[in-house]
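The structure appears below as structure tokens.
Quick note: the coordinates plus some simple rules give every number you see, no bench work behind them. Quick caveat: nothing in here was measured; it's all calculated off a predicted structure. Cβ coordinates were reconstructed from backbone atoms using ideal geometry, including for glycine residues, and neighbour counts include every protein chain displayed.
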Amino acid sequence: MRYQVQAATSADVAYVANLLEDQHAAADWPEKQPCDRLIEACAFSTQIWAARRVSDGATTALWGVTPRLDNPEIGYVWMLPVAKFDGESRDFSMLCRLVFAEMLDQFPRLEQHIDTREDRMLDLLRELGFQIGAPQRQLGSPGILHHVWLESEHLRHPSNHPSGRMVH
């Protein structure tokens, strides 16, 4: 395998936060710097996972999930790939399958809102079995977002989806 997925450590989060130090604030949350948003997301998450490259141990992605305030049975999922997975999109897809399966053991449903301009992310989520809602402007957000969700019985595994394969 080229990657290992394990529970994230403080070193994984610090590494990614350091990479985000020079990033500009997002248009949908201009008052928070990306590294501060990451730390806050981690603080509220019940699970945080990290993918590490086997060759050098570098953290390549983080995933987390936090219960929704209005319905703790629903997990609000986030993910942050920090390495280029271009040409290895199937690898990232497989890593997501592994992590989402773990999250779905705790939460029967995962949700998120994704910017309509994030075509690659929407394609990945669709491939994994997420339902993609119609684009809508969310209260307090200048962008147009898709509501995406995944029920535990709809996660597509390599054995039941032709595009999936194991990560080497």
Item to check | Packing-based exposure ordering (other Cβ within 10 Å, fewest first) of ASP56, ASP123, ASP115 | outcome: ASP56, ASP123, ASP115
Checklist entry - Quick one: which of 138-149, 61-72, 4-15 comes out on top by average Cβ neighbours within 10 Å, and what's the full order, highest first? => result 61-72, 4-15, 138-149
Checklist entry - Amide H neighbours of ASP115 under 5 Å, counting only residues 5+ apart in sequence or on other chains, H built in-plane at 1.01 Å? => result HIS146
Checklist entry - Expressed in nm to one decimal, what extension gain is obtained for the pair GLU73 and ILE39 from 0.36 nm per residue of sequence separation less their Cα-Cα distance? => result 9.9 nm
Checklist outcome for this item: The long-range amide H neighbours of ILE48, using H built 1.01 Å from N in the peptide plane and a cut-off of under 5 Å, are ALA8
Checklist entry - Contour minus end-to-end for GLN6 and ARG137, with contour as 0.36 nm per residue of separation and end-to-end as the Cα-Cα distance? => result 43.6 nm
Next on the checklist: In whole Hz and in residue order, list the ³J(HN,Hα) couplings for region 54-71 that follow from phi through the Karplus curve 6.51 cos²θ - 1.76 cosθ + 1.60, θ = phi - 60°; x for Gly and Pro.
Outcome noted: 5, 4, 9, x, 5, 6, 10, 6, 10, 10, x, 8, 10, x, 5, 4, 7, 7
Checklist entry - Residue-wise, which Karplus ³J(HN,Hα) couplings in Hz belong to region 120-136, taking 6.51 cos²θ - 1.76 cosθ + 1.60, θ = phi - 60°, and x for glycine or proline? => result 5, 5, 4, 4, 4, 5, 4, 4, 7, x, 5, 7, 10, x, 5, x, 8
Checklist entry - Considering every Cα-Cα pair within region 3-160, what fraction, in whole percent, is farther apart than 18 Å? => result 60 percent
Checklist entry - In percent, how large is the relative contact order of region 3-160, given Cα pairs closer than 8 Å and 6 or more residues apart? => result 17 percent
